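Worksheet for the structure shown next.
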Amino acid sequence: MRMKTSAFLLFLNIALFNNLFGQVPLVFDVENRTATGCNTAAGNTNTTNTYLPDPFSFTNGGRVATFDDWTCRRNQIKSDIEQYEIGPKPPKPSNVTATYSGGRLTVTVVENGQTLTLTSNVTMPSGTGPFPVVIGMNAPSGQLGASLFSGVIQIPFNHDQVVSYGGGSGSINANDPYFKLYPSTNIGKYSAWSWGISRLIDGIEIVKSQMNADPKRICVTGCSYAGKMALFGGAFDERVALTIAQESGGGGINSWRTSQAFTTRTGTNIEKIDNTNYSWFKSSMKNLNPNTLPHDHHELIAMIAPRAFLALGNPGFEWLGDESGYKSCMAAVEVWKAMGVEDRFGFDFTGGMTIVRLHPLKITQVQRSSTNS
């Protein structure tokens with residue numbers, strides 16, 4: 001599977017961004033930045049392209065020339081993913097409140113006359129803070145060991161409080177709390193879960209003084225289906241400083257094209273666009289040809305740039321399709337390189353142990369064990 005590298009190299013040689021590390025923000029203070037006069041309409045599926053789409057190319061054929069241009073391009077990618085994969089993520093509701101008491105964070109959202117409540121038991125570190133925050137998908141630190149987040153507030157995102165995990169492929173439960181606020185069921189669960197992660201971040205911002213939390217140092221992490229959840233959550237909310245996608249496989253870091261090409265070449269069955277879970281994604285996605293999509297998942301990863309990203313694979317699990325994930329990461333990192341911040345991008349596809357440490361004064365320090373060096 002060849003990747004479209006010539007456009008990347010041309011872009012880098014021209015050095016259009018011309019930004020130093022210190023000039024590119026570490027994180028942003030809004031959920032999703034927009035650009036004035038920017039066309040963010042989704043692309044079409046009229047063209048077959050077996051190469052990974054160029055993340056620097058606008059839908060109309062123009063090219064990213066400035067950092068502000070990337071804001072526009074990022075929103076085009078967002079529209080593509082919403083159109084073809086997960087459905088629209090609603091904007092922040094006007095009525096979001098939060099309390100922190102007795103070690104519990106409670107976020108209340110009122111929309112369309114309905115109420116949704118998120119509750120999380122918070123694990124607080126010792127000291128006075130302000131502390132970084134890790135949001136673990138359905139567990140305080142995801143599936144990474146809690147000791148790896150020393151000095152960090154740990155908050156679980158209990159995703160069933162938004163939409164339930166259960167039900168299997170193609171199953172949407174209209175009685176889930178999210179669908180009381182937004183009755184349409186023409187979405188995948190990753191749209192609703194991403195919305196829920198953002199509302200939890202809203203709550204952290206509201207009670208940051210009571211929690212001694214630093215909302216500029218928020219990490220999201222999860223594993224497997226929850227690794228996909230963390231990836232979508234970090235990609236769709238620019239207040240997340242560090243996204244850790246652990247063993248996310250097909251529908252996560254893996255590009256649909258490279259996964260299909262891997263199965264075609266090797267006969268190995270891995271998670272692809274034709275056999276993933278169609279309650280996680282829109283059911284209509286099952287009928288799509290990955291080679292006609294105007295986007296792919298190296299661009300989902302790239303939506304995180306210039307913020308920090310870490311991908312963790314596991315070659316012992318064939319279903320994950322780590323070759324596809326590696327190729328997707330190699331394409332995505334070119335966006336960080338163009339911004340001059342490639343050291344905010346990390347990956348480990350060797351298995352074993354990767355140690356991730358968050359320090360109150362830094363986004364992340366990554367230290368690998370000797371077996372993985």
Can Glu271 be described as acidic (Asp, Glu), more than 18 Å from Ile77 (Cα to Cα) and either at pLDDT 95 or above or part of a helix (DSSP H, G or I) (or both)?
yes
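Would you say Thr243 is within 22 Å of Gly87 (Cβ to Cβ), in a strand (DSSP E or B), under 19 Å from the mean Cα position of the chain (by Cα) and touching a residue at least 12 places away in the same chain (Cβ under 8 Å)? Show your work before the answer.
Details: within 22 Å of Gly87 (Cβ to Cβ): yes; in a strand (DSSP E or B): yes; under 19 Å from the mean Cα position of the chain (by Cα): yes; touching a residue at least 12 places away in the same chain (Cβ under 8 Å): yes.
Considered against the rule, which asks whether it is within 22 Å of Gly87 (Cβ to Cβ), in a strand (DSSP E or B), under 19 Å from the mean Cα position of the chain (by Cα) and touching a residue at least 12 places away in the same chain (Cβ under 8 Å), Thr243 comes out as yes.
Mind checking which residues of segment 335-344 are surrounded by fewer than 24 Cβ atoms within 10 Å (Cβ to Cβ) and not β-branched (Val, Ile, Thr)? Write out each step before concluding.
Step one: of segment 335-344, the residues surrounded by fewer than 24 Cβ atoms within 10 Å (Cβ to Cβ) are 336-337, 339-344.
Matches in segment 335-344: Trp336, Lys337, Met339, Gly340, Glu342, Asp343, Arg344.
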Kindly provide the set of residues from segment 32-73 that are crowded, with 18+ Cβ neighbours inside 10 Å and assigned to a loop (DSSP other than H, G, I, E, B), ordered by number.
Asn32, Gly43, Leu52, Pro53, Asp54, Pro55, Phe56, Thr59, Val64
Reported set for segment 92-140 where residues are within 10 Å of Ile153 (Cβ to Cβ) and out of contact with any Ser or Thr (no Cβ under 6 Å at 6 or more places or on another chain) is Val122, Thr123, Met124, Pro125, Gly129, Pro130, Phe131, Pro132, Val133, Ile135
Name every residue in segment 94-110 that is in contact (Cβ under 8 Å) with a residue 40 or more places away in the chain and touching a strand residue (DSSP E or B) at 6+ places or on another chain (Cβ under 7 Å), in order of residue number.
Val96, Thr97, Ala98, Thr99, Leu105, Thr106, Val107, Val109
Within segment 185-219, the residues that are surrounded by fewer than 24 Cβ atoms within 10 Å (Cβ to Cβ), in a strand (DSSP E or B) and either out of contact with any helix residue (DSSP H, G or I) (no Cβ under 8 Å at 6 or more places or on another chain) or β-branched (Val, Ile, Thr) (or both) are Lys216
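Would it be correct to say that Gln161 is of a type outside the set (A, V, I, L, M), in contact with a Cys (Cβ under 8 Å, 6 or more places away or on another chain), at negative phi and touching a residue at least 40 places away in the same chain (Cβ under 8 Å)? Explain how you work it out, then say what you get.
Values: of a type outside the set (A, V, I, L, M): yes; in contact with a Cys (Cβ under 8 Å, 6 or more places away or on another chain): no; at negative phi: yes; touching a residue at least 40 places away in the same chain (Cβ under 8 Å): yes.
For Gln161, the condition - of a type outside the set (A, V, I, L, M), in contact with a Cys (Cβ under 8 Å, 6 or more places away or on another chain), at negative phi and touching a residue at least 40 places away in the same chain (Cβ under 8 Å) - is not met.
When segment 106-128 is examined, which residues are found to be more than 28 Å from Pro91 (Cα to Cα), of a type outside the set (A, V, I, L, M, F, W, C) and surrounded by fewer than 17 Cβ atoms within 10 Å (Cβ to Cβ)?
Pro125, Ser126, Gly127, Thr128 - these are the residues of segment 106-128 that are more than 28 Å from Pro91 (Cα to Cα), of a type outside the set (A, V, I, L, M, F, W, C) and surrounded by fewer than 17 Cβ atoms within 10 Å (Cβ to Cβ).
Checking the conditions here, which among Ala311, Ala305 is buried (at least 18 other Cβ atoms within 10 Å of the Cβ), under 22 Å from Thr243 (Cβ atoms) and in contact with a Cys (Cβ under 6 Å, 6 or more places away or on another chain)?
Values: Ala305 fails: in contact with a Cys (Cβ under 6 Å, 6 or more places away or on another chain).
Result of the check over Ala311, Ala305: Ala311.
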First in segment 138-153 and without any contact (Cβ under 8 Å) to a residue 12 or more places away in the chain and more than 17 Å from Asn121 (Cα to Cα), second anywhere and assigned to a loop (DSSP other than H, G, I, E, B) and hydroxyl-bearing (Ser, Thr, Tyr), Cβ under 6 Å, 6 or more apart:
none
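Looking at Tyr84, Tyr178, Tyr165, which one is under 24 Å from Thr276 (Cα atoms) and either surrounded by fewer than 17 Cβ atoms within 10 Å (Cβ to Cβ) or of a type outside the set (Phe, Trp, Tyr) (or both)?
Details: Tyr84 fails: either surrounded by fewer than 17 Cβ atoms within 10 Å (Cβ to Cβ) or of a type outside the set (Phe, Trp, Tyr) (or both); Tyr178 fails: either surrounded by fewer than 17 Cβ atoms within 10 Å (Cβ to Cβ) or of a type outside the set (Phe, Trp, Tyr) (or both).
Being under 24 Å from Thr276 (Cα atoms) and either surrounded by fewer than 17 Cβ atoms within 10 Å (Cβ to Cβ) or of a type outside the set (Phe, Trp, Tyr) (or both) holds for just one of Tyr84, Tyr178, Tyr165, which is Tyr165.
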Does segment 237-249 include one or more residues that are out of contact with any Cys (no Cβ under 7 Å at 6 or more places or on another chain), at pLDDT 95 or above, of a type in the set (Asp, Glu) and closer than 22 Å to Trp319 by Cβ?
no
So if I check each of Ser328, Ser279, Ser324, Ser283, which one is surrounded by fewer than 24 Cβ atoms within 10 Å (Cβ to Cβ), of a type in the set (S, T, N, Q) and within 23 Å of Cys223 (Cβ to Cβ)?
Ser279
Just name the residue that is surrounded by the fewest Cβ atoms within 10 Å (Cβ to Cβ) out of those in segment 246-268 that are in a helix (DSSP H, G or I) and among the small types (Gly, Ala, Ser).
Ala261
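Of all the residues that make up segment 251-287, how many are charged (D, E, K, R) and either touching an Asp or Glu at 6+ places or on another chain (Cβ under 7 Å) or more than 18 Å from Asp322 (Cβ to Cβ) (or both)?
Within segment 251-287, the subset charged (D, E, K, R) is 257, 265, 271-272, 274, 282, 286.
Then keep just the ones that are either touching an Asp or Glu at 6+ places or on another chain (Cβ under 7 Å) or more than 18 Å from Asp322 (Cβ to Cβ) (or both); that gives 257, 274, 282, 286.
Residues in segment 251-287 being charged (D, E, K, R) and either touching an Asp or Glu at 6+ places or on another chain (Cβ under 7 Å) or more than 18 Å from Asp322 (Cβ to Cβ) (or both): 4 in total.
The values are calculated or read from the model by the stated rules, or taken from the named source; none is laboratory data. Keep in mind it's a predicted model, so treat the numbers as computed, not measured. A quick note on method: Cβ atoms are made from the backbone with ideal geometry, for glycine too, and the neighbour counts reach across all protein chains shown.
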